[in-house]
Ligand SMILES: *Cc1c(COP(=O)(O)O)cnc(C)c1O
């Protein structure tokens, strides 16, 4: 493909990463310790939350954050169906019940309107997902009086009304999977929160449910962020704002080159700094367009063609008659187009030209 889906490169940062990894390797401290603590401080400061707890991945981050927020077996947790599968899987994995809600057609995120229909007396938490890097309207979900756990796996660096993703809900969860906006060289994740009790609970749960490594007060997880991955993240965190700005410039270039004449570009609500984890447009014949783009050397991809509530493993949580019309429509029409800090203006023009000839 002349224009790849992900225009990112860690190449310029590899020497600095290698130096840092060498230092950690020589230190002999591989599990938690100073490198993880330093990253936790730096990432908490970055998001504006008081605490950061490094964990093994973004999926366990959700399970642990929910349990630390008091969600128990059998409790209901409202999640969107239009998201990566792990959002709902992490709820089911703790024995809680994912209850699927719809999303708004323009933002592709949940809202108070879409969440409300899924609430019952058994609802114990809501997981708004900042899908593709757009920030869900967390503040308007406060009216329900329930713990709000942001799934910010796709939104490191995003903001809403002057606050960063990670500091909007009662807690937030991040993934540092290599394709995410703040990547590590493998699996990694984090929970951010300004709630001292929730932070202490999450810290216990990631270490076998123990505070002192001698007394085990609950059944937890072995889910720690590796010190080596923390070293990678400390090297790359200072790049995140520049990358996010560059992604925003690519989105502005798509607008300026007239992409909106051929597809519906992502909508950015007032007050949102979009992180453009993916640049997801909508088109009525998304798969035909994808094939036409491939013919022009332009990569594109539909990520969630089968929404989560229609996945086989979620059948027990998808009651007969569950209707999520916007989710079904977006599943059919969404299409991720090339994005990344390294995408050049002439590549943007190629994408737009390919959409022009493929979308008629
Ligand atoms: C990537 C992702 C996760 C899971 O993160 P892992 O680190 O892969 O476990 C959860 N939710 C969303 C929305 C994601 O994009």
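When residue 79 is tested against (1) away from the ligand (no atom under 16 Å from the Cβ); (2) within 27 Å of residue 207 (Cβ to Cβ); (3) under 18 Å from the mean Cα position of the chain (by Cα), exactly one condition is not met: (1).
Just one of the listed residues (151, 106) is farther than 21 Å from residue 64 by Cβ, modelled with pLDDT of 95 or more and in the same structural domain as residue 82 (by TED's automatic domain parsing), and it is 106. Of the residues in the range 303-312, at least one is without any contact (Cβ under 8 Å) to a residue 60 or more places away in the chain and within 21 Å of residue 277 (Cα to Cα).
Note on the range 109-223: no enclosed strands (runs of 3 or more DSSP E) hold 3 or more residues that are within 16 Å of the ligand (Cβ to nearest atom), in contact with a helix residue (DSSP H, G or I) (Cβ under 8 Å, 6 or more places away or on another chain) and without any contact (Cβ under 8 Å) to a residue 40 or more places away in the chain.
Quickly run through the range 31-43 and pick out the residues that are touching a residue at least 24 places away in the same chain (Cβ under 8 Å) and within 14 Å of residue 203 (Cα to Cα). Matches in the range 31-43: 31, 32, 33, 36, 40. Taken together, the criteria exclude residue 49 from residues that are surrounded by 22 or more Cβ atoms within 10 Å (Cβ to Cβ), within 12 Å of the ligand (Cβ to nearest atom), at pLDDT 95 or above and within 30 Å of residue 267 (Cα to Cα).
What number of residues within the range 27-46 are more than 16 Å from the ligand (Cβ to nearest atom) and assigned to a helix (DSSP H, G or I)?
Summing the residues that are more than 16 Å from the ligand (Cβ to nearest atom) and assigned to a helix (DSSP H, G or I) in the range 27-46 gives 13.
Would you confirm whether any residue within the range 278-299 is within 25 Å of the chain's Cα centre (by Cα), part of a loop (DSSP other than H, G, I, E, B), surrounded by fewer than 20 Cβ atoms within 10 Å (Cβ to Cβ) and away from the ligand (no atom under 16 Å from the Cβ)? Within the range 278-299 (the criterion being within 25 Å of the chain's Cα centre (by Cα), part of a loop (DSSP other than H, G, I, E, B), surrounded by fewer than 20 Cβ atoms within 10 Å (Cβ to Cβ) and away from the ligand (no atom under 16 Å from the Cβ)), the answer is yes, since at least one residue qualifies. Quick check on my filter: what residues within the range 323-338 are more than 20 Å from the chain's Cα centre (by Cα) and closer than 20 Å to residue 90 by Cβ? The one that is more than 20 Å from the chain's Cα centre (by Cα) and closer than 20 Å to residue 90 by Cβ: 324. Return the residues of the range 170-205 that are under 14 Å from the mean Cα position of the chain (by Cα) and farther than 21 Å from residue 221 by Cβ; say none if nothing qualifies. Residues satisfying the conditions are 178, 179, 181, 182, 183. Scanning the range 302-319 turns up no residue that is in a loop (DSSP other than H, G, I, E, B), on the phi > 0 side of the Ramachandran plot and out of contact with any helix residue (DSSP H, G or I) (no Cβ under 6 Å at 6 or more places or on another chain).
Report, by residue number, each residue of the range 73-89 that is in a loop (DSSP other than H, G, I, E, B) and surrounded by fewer than 24 Cβ atoms within 10 Å (Cβ to Cβ).
Answer for the range 73-89, where residues must be in a loop (DSSP other than H, G, I, E, B) and surrounded by fewer than 24 Cβ atoms within 10 Å (Cβ to Cβ): 73, 74, 75, 84, 85.
For the range 90-108, taking the residues that are crowded, with 23+ Cβ neighbours inside 10 Å and in a strand (DSSP E or B), the one that is farthest from the ligand (Cβ to nearest atom) is identified as 99.
The values are calculated or read from the model by the stated rules, or taken from the named source; none is laboratory data. The structure displayed is predicted, hence computed values, not measured ones. Note that each Cβ is placed from the backbone with ideal geometry, even for glycine, and that neighbours are counted across all protein chains shown.
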